[in-house]
Structures are given as C-alpha cells and as structure tokens.
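The values are calculated or read from the model by the stated rules, or taken from the named source; none is laboratory data. What you are looking at is a predicted structure, and each value in this text was computed from that prediction instead of being measured. Here the Cβ positions follow ideal geometry from the backbone for every residue, glycine too, while neighbour counts run over all protein chains shown. For accessibility, only protein heavy atoms count, side chains too; no ligands or nucleic acids. Shrake-Rupley method; radii C 1.70, N 1.55, O 1.52, S 1.80 Å.
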Amino acid sequence: MMKLKRSVLLACALMVPATAMAEAGDWVIRARAVNISPNESSRLGDHTNALLGVGAGSKLEVNDQVIPELDISYYVTKNIALELILALGTRHDVSIKGANGVASENLGSVNLLPPTLTVQWHFRPDQTFDPYVGAGINYTRFMDNGLHSSQVGDIRVERNSWAPAFQAGFDINLKDGWLLNADVKYLWIDTDVKLKDGPKIDSLDINPWVIGFGFGKRF
C-alpha cells in the first residue's frame, strides 16, 4: 500500500508542467503588439462649428494605431505585481467629422507618449494559466501636436494628461521562465483643444482601448 501511494504521488508530480511560476521578488519583461482604439468624445460647440464651417453636430475624431509595447513587472508578493507599461509612442491622425460622418477636414496628427503604472492581482500565479486584473494611473505627454485648419489656422492641444487606467489579462506560463500574454487596458486621456494664441474650442476625451498580445520572460 505504501509503495502504491508513493507511485501515485510520483505520477502526479510528473504530470505537473515544468513551468516557472511567480514568486515574490521576480521581474518579468513582456513585449506586446497592441492596437490603440480611441473611444473619443468631442464637444465642439455651436460657435466653433460655425467658425470652422462644418455645421452643427461636428466633432473631432482620432484614428486607430498599432504599435509595439514594452512593460516591466515586479512581483511584490506572489499575487501582487507592479507593472510599468512603456508604449513606444503613438501617432494618431486627427480630423473633423461632419454630422453625417463624412470627413470635413483633416487637421494633421498628434504624437502621444502614454507611460502607465498599474498594480495587478494575479489569481493563479502558481498555475500554467494565470489571469489578472489591474488598476493604476496613466500619464500622457502630447508631443509634436501642431494641427492646422485651412479655415482658422493653427490648432494646439494641451501637453499633459493624468488619469486612471484599468487592465485585465492573462499569462500562460511556459518552461524556463517564458510566458505568453494577452492584455486589455482602458485609459482615460483628455485634453483641451485651442486655437493658437486663441480660445479653447473643444474638450477632447480620447479614452482608448488598448488590446495587446505578446510574450515575456521571468527573471
């Protein structure tokens, strides 16, 4: 009987995947390809619509973009990790859309640098499939942000935005510390839009969904 129990325990141990699981003090570096899909909300006023000559109901729109993303995680405990997300900059085209959805004018593009810090809770860090959720703060720096309207001249956006960020995803732990990752984030990014040396003309909320897939290595 004792030999049988030992054999069963040995068989169970051999069936457990030889994966590297998270422990306190671990570092993980992940690389992802992410799609940034703005969920923008634009509030151009009646006066601005008339000024730009595009009619009531118009708004600013920001296009999607696919970029590489690098993030670094530190496991404070087995379940709690801090993740610094370093998107490598993303350029988005901006246009004015009329009420009927037809582009009235292309204004140019803005370049965003949106580093984000989140605190994650990993539900199953000692298993092959490890889902997690996270929350934190996003800082977005608007760079090279000159837009131009042929009708009213140069348009500027405010340089800085601080706002919350939420995150969910999962790791699939593989051998030798490698892992596969899928991740989705929602970022609140808002900025004021002004005429150059003139009044504010809009409050633009970009608020993108950031959906990514990639791989990582635990150290």
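So what's the net charge close to Asp197: Lys and Arg +1, Asp and Glu -1, counting the other residues with Cβ under 10 Å from its Cβ?
Values: positive: Arg156, Lys194, Lys196; negative: Asp154.
Summing Lys/Arg as +1 and Asp/Glu as -1 gives +2.
For Asp26, the residues 5 or more places off, or on other chains, whose built amide H falls under 5 Å of its own are Tyr75.
Other residues with beta-carbon under 15 Å from the beta-carbon of Phe123 carry, at +1 per Lys or Arg and -1 per Asp or Glu, a net charge of -2. Per-atom-type breakdown for region 112-219 gives carbon and sulfur 64% of the accessible area (1.4 Å probe, protein chains only).
Computed over all pairs of different Cα atoms, the Kirkwood value for the hydrodynamic radius of region 78-219 is 17.2 Å. On a per residue basis, region 77-176 carries 47 Å² of accessible surface, using protein heavy atoms and a 1.4 Å probe. Near Ala81, once Lys and Arg are set to +1 and Asp and Glu to -1 for all other residues with Cβ below 12 Å from its Cβ, the sum equals -3.
Annotation: amide H-H contacts under 5 Å for Asp190 (H modelled 1.01 Å from N, sequence separation of 5 or more, or interchain): Ile206.
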